[in-house]
Amino acid sequence: MPEKFVINGGNPLKGEIEVRGSKNAATPILAATLLTDQPCIIDNIPLVEDVFRMIEILEDLGADVEWLDKRKIRVQAKKIASNIKNKSLVTKMRSSVLIIGPLLARLGMAEINKPGGCIIGVRPIDVHLNAFRDLGVIIDHTNDFYSLKTDGIKGGHIVLDEFSVTATENVMMAAALCSNKTIIDLAACEPHVQDLAVFLKKMGVRIKGEGTHTIEIIGNKELKGARHKIQYDYIEAGTYILMASTVGGCVTVKNTPVGSLQLVLKNLKSFGANVEIIDNETVLVKESSNMRMDSIQALPYPGIPTDLQSMFGVLATQTINATLIHDPLYEGRLKYLEELNKMGAKIIVCDPHRAIISGPTQLYGADLRTFDLRGGAALISAGLTAKGTTTIYNMEQIDRGYEKIEERLQGIGAQIKRIISES
């Protein structure tokens, strides 16, 4: 039955909260286990829906998956198929597109339906397809079904159409079994792209330039299995840091990849947030007053992540004067602002990419619906800030990327519970 979050807001947050493994690193690394018939052991797995679905995809393709511990699995893909039999696994999750690169490298073919995912705007997979064509892949497209074939990836110079994280990861994996050099220009350089590079290197791939916008890859015709611990999630860490800054109180966020959040933390301090970096893995957030924001623009890494733009949007309702929010990446990222207006926020949505938020305003509890994963987390932050009771429907979107978020927030004093919805 459908579930919902019910929040009683207006209470400060106090205590410690731990960040889990990165969902955005786990999904491509799990897909990369398809590149070898040798066993791979992956640790620090985040227990979230997107990861569970990727594991189901691996099993659907023929891989053997064994849970060794609560957050550790063993994957061995001795014999794999070129297509997913359970089509619903693809339509539910956009990152299912990440299997194309490994299947092309390993089998020379891949078949997949159009991937699904969050409603954050039009996100065609053309960047992936154009890159694969540049690698010599032949692509047939009928309705929402794609068939890709190659007689062997031969390397080359790829210029991506945009800084696409998943397209960068897909090309890296497609080139992993090719002994010729592949160069990716306009490559994404997010921390999870770097984590995939670390894993591929352990398997025997030579990679240079990860963390920059030009990546060079020289693959190996036969890759070995590898052990790897997924990095901690800088987006989840940023979520809790921004939430604590908005709601107030005193919260220690542990397992924080501080180095991946430099601009986020710098901006928060410049806004007047009481944020203290204890060490490279710990951030202390104390209650602030008279915070002032001017503007926030989401940009590719190392800029402000689009995945944290909505958390900044909620913070802007509690800061002095007007704040311009600009997210040029996805035209559906600002849908959560309509829900904030139901709570008493003063927001003018200028166009699909820009909005002006005036503050500070008192938010009041309301019945809300979340349209995407990150917007859902932002609505939780708003609910914890508001007076009265807030109910968030369609919260399965939040479960895609945050592990038992209500239980962890309860541990720092949040009055939030998950209940079964009547409809």
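Numbers at a glance
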{"quantity": "Filter result for the condition that a residue is buried (at least 20 other Cβ atoms within 10 Å of the Cβ), among the β-branched types (Val, Ile, Thr) and either in contact with a helix residue (DSSP H, G or I) (Cβ under 7 Å, 6 or more places away or on another chain) or not in a helix (DSSP H, G or I) (or both), over 347, 356", "calculated": "347"}
{"quantity": "Residue match in segment 259-266 (condition: at negative phi, of a type outside the set (A, V, I, L, M, F, W, C) and in contact (Cβ under 8 Å) with a residue 40 or more places away in the chain)", "calculated": "yes"}
{"quantity": "Conditions (1) under 22 Å from the mean Cα position of the chain (by Cα); (2) without any contact (Cβ under 8 Å) to a residue 60 or more places away in the chain; number of the one not met by residue 202", "calculated": "(1)"}
{"quantity": "Odd one out for residue 174, checked against (1) under 22 Å from the mean Cα position of the chain (by Cα); (2) in contact (Cβ under 8 Å) with a residue 40 or more places away in the chain; (3) exposed (fewer than 14 other Cβ atoms within 10 Å of the Cβ)", "calculated": "(3)"}
{"quantity": "Residue that is outside any helix (DSSP H, G or I) and under 26 Å from the mean Cα position of the chain (by Cα), where the choices are 332, 313", "calculated": "332"}
{"quantity": "Test: residue 299 is surrounded by fewer than 24 Cβ atoms within 10 Å (Cβ to Cβ), among the aliphatic types (A, V, I, L, M) and within 19 Å of residue 241 (Cβ to Cβ)", "calculated": "yes"}
{"quantity": "From the options 258, 251, 283, 264, residue that is surrounded by 15 or more Cβ atoms within 10 Å (Cβ to Cβ), β-branched (Val, Ile, Thr) and closer than 13 Å to residue 311 by Cβ", "calculated": "264"}
{"quantity": "Count of residues meeting criterion [at pLDDT 90 or above, surrounded by fewer than 18 Cβ atoms within 10 Å (Cβ to Cβ) and outside any loop (DSSP other than H, G, I, E, B)] in segment 84-108", "calculated": "1"}
{"quantity": "Qualifying residue in segment 272-281 (condition: farther than 24 Å from residue 329 by Cα and assigned to a helix (DSSP H, G or I))", "calculated": "no"}
{"quantity": "Boolean, residue 7 is touching a residue at least 12 places away in the same chain (Cβ under 8 Å), surrounded by 24 or more Cβ atoms within 10 Å (Cβ to Cβ), assigned to a strand (DSSP E or B) and of a type outside the set (S, T, N, Q)", "calculated": "yes"}
{"quantity": "Inter-residue pairs, beta-carbon under 7 Å, first over 15 Å from residue 75 (Cβ atoms) and in contact (Cβ under 8 Å) with a residue 40 or more places away in the chain and in segment 15-36, second assigned to a strand (DSSP E or B) and among the hydrophobic types (A, V, I, L, M, F, W, C), 6+ apart", "calculated": "15/251; 17/251; 17/253; 19/253"}
{"quantity": "Evaluation of residue 240 against (1) assigned by TED's automatic domain parsing to the domain that holds residue 384; (2) assigned to a strand (DSSP E or B) (one fails), failing number", "calculated": "(2)"}
{"quantity": "Candidate set from segment 10-59 (those that are of a type in the set (Val, Ile, Thr) and assigned to a strand (DSSP E or B)); member that is surrounded by the fewest Cβ atoms within 10 Å (Cβ to Cβ)", "calculated": "41"}
{"quantity": "Residue match in segment 366-384 (condition: more than 24 Å from the chain's Cα centre (by Cα) and surrounded by fewer than 23 Cβ atoms within 10 Å (Cβ to Cβ))", "calculated": "yes"}
{"quantity": "Segment 216-240, residues that are touching a helix residue (DSSP H, G or I) at 6+ places or on another chain (Cβ under 7 Å) and surrounded by 21 or more Cβ atoms within 10 Å (Cβ to Cβ)", "calculated": "217, 223, 226, 228, 230, 231, 233, 234, 235, 237, 238, 239"}
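A quick yes/no check of all residues on (1) outside any loop (DSSP other than H, G, I, E, B); (2) under 19 Å from residue 302 (Cβ atoms); (3) not small (Gly, Ala, Ser):
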site	(1), (2), (3)
166	yes, yes, yes
170	yes, no, yes
183	yes, no, yes
193	yes, yes, yes
200	yes, no, yes
215	yes, yes, yes
223	no, no, yes
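The values are calculated or read from the model by the stated rules, or taken from the named source; none is laboratory data. A quick note: this is a predicted structure, and the numbers were derived from the prediction, not measured. Don't worry about glycine lacking a Cβ; one is built from the backbone with ideal geometry, like all the others, and counts go over all protein chains shown.
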